[in-house]
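Report on one structure; see the data block that follows.
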Amino acid sequence: MTPLTTTHGLAIASLALMVLGGTAPPAAAQQDRKVTIRFAAQVGGKPFACGASYDGIGATGSRVTPSDFRFYVSDVQLVDTAGKAVPLKLDQDERWQHANVALLDFENRTGPCLTGTDETRDIVVGTAPAGDYRGLRFTLGVPFDLNHADSTIAPSPLNLTSLFWNWQAGYKFLRIDLATSGRPQDLRPGDMPRFGDRAASNRLGFAIHLGSTQCAAEGNNKAPSACANPNRPTIEFASFDPARNVVIADLKSVLEGVDVDTNQADSPAGCMSTPTDGDCNPLMRNFGLTFAGTGGSQKFFRVGP
């Protein structure tokens, strides 16, 4: 008997699919796979919750009550066994993800969380070519080309004015607000302090608003050409399995060594990424950024089971 050739085999396989009422999937569908990256917000290993208080935070061992916990991530990539980074193509859901940016939102507008939204989001979803991936890489922040625009007409999730300073300074890549032992909050519904609004921001207790600073522009109506301090740390984990691992964002870790109970005179509440604000020291370095001429290593994110 003459053996079947490869062509004959493919023909039979196609015939079998037709008999079963199906057709062979396109090559792209065979190569791509859905990937979900899970995130979790914690404070010292305990889950973050609006209205919950946590002890032993910062240099003073303060008791803190967070009232916001949101951040943007972008340029999410999977790293294969050869060390090659492969971009995760984000689902364009018209709500939480746009282009290569995703919003993670852990507050639910209950208790003291007055500046946020009812909905929460703890995943980034997209597709990637089939492969053997062992690591994860992403950026905390909004890319420059999307960072300087009008948030009132931007697509979701870039349309949240509570996560925006102004079109030249751009977005708050991360917003975490705290009431602390030394700095209580006096927030009211509708409070959305903007960059430079010290009277409003002083009601925030201790604020952590990460974003780009010293963004140079030729005029008030011109988009910045660059920012002296982009403040977009790249986070990388050599070992990360989306099927079993989660990215943990721990507030206690990023506040290690930070005095959350006092505030530098004549400065916004907490740290709003201002290069001359001593309240950002060593917080910015705990994000893995260089601040006041000294580099740091990131302590905010870690891999969890």
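The values are calculated or read from the model by the stated rules, or taken from the named source; none is laboratory data. Everything quoted here is computed from the prediction, not taken from an experiment. Virtual Cβ from ideal backbone geometry, glycine too; neighbours counted across all protein chains shown.
Computed values, structure above
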item	result
Answer residue from segment 146-189, given it is small (Gly, Ala, Ser) and outside any loop (DSSP other than H, G, I, E, B) and is farthest from the chain's Cα centre (by Cα) among those	Ala179
Qualifying position, being within 19 Å of Phe71 (Cβ to Cβ) and either surrounded by fewer than 18 Cβ atoms within 10 Å (Cβ to Cβ) or modelled with pLDDT of 95 or more (or both), among Glu256, Glu218	Glu256
Every residue from segment 81-123 that is hydrophobic (A, V, I, L, M, F, W, C) and outside any strand (DSSP E or B)	Ala82, Leu88, Trp96, Ala99, Phe106, Cys113, Leu114
Qualifying residue in segment 267-274 (condition: over 17 Å from the mean Cα position of the chain (by Cα) and loosely packed, with under 15 Cβ neighbours inside 10 Å)	no
Hits in segment 155-180 - residues which are under 11 Å from Val142 (Cβ atoms) and not aliphatic (A, V, I, L, M)	Pro157, Phe164, Gly170, Tyr171, Lys172, Phe173
Residues being at positive phi and of a type outside the set (Gly, Ala, Ser) - total across segment 93-127	2
Filter result (charged (D, E, K, R) and either surrounded by 18 or more Cβ atoms within 10 Å (Cβ to Cβ) or under 14 Å from Val79 (Cβ atoms) (or both)) within segment 133-153	Arg134, Arg137
Hey, Pro189 touching a strand residue (DSSP E or B) at 6+ places or on another chain (Cβ under 8 Å), of a type outside the set (A, V, I, L, M, F, W, C) and modelled with pLDDT under 95 or not	no
Count of segment 265-305 residues which are closer than 18 Å to Thr180 by Cα and either charged (D, E, K, R) or assigned to a loop (DSSP other than H, G, I, E, B) (or both)	9
Condition met for Leu90 (free of Cβ contacts under 8 Å to residues at least 40 places away in the same chain and within 23 Å of Gln298 (Cβ to Cβ))	yes
Only one of Ala59, Ala130, Ala99, Ala49 that is of a type in the set (A, V, I, L, M, F, W, C), out of contact with any strand residue (DSSP E or B) (no Cβ under 8 Å at 6 or more places or on another chain) and exposed (fewer than 15 other Cβ atoms within 10 Å of the Cβ)	Ala59
Enumeration of residues in segment 143-168 that are in contact with a helix residue (DSSP H, G or I) (Cβ under 9 Å, 6 or more places away or on another chain) and either under 27 Å from Phe301 (Cα atoms) or hydroxyl-bearing (Ser, Thr, Tyr) (or both)	Ser151, Thr152, Pro157, Leu158
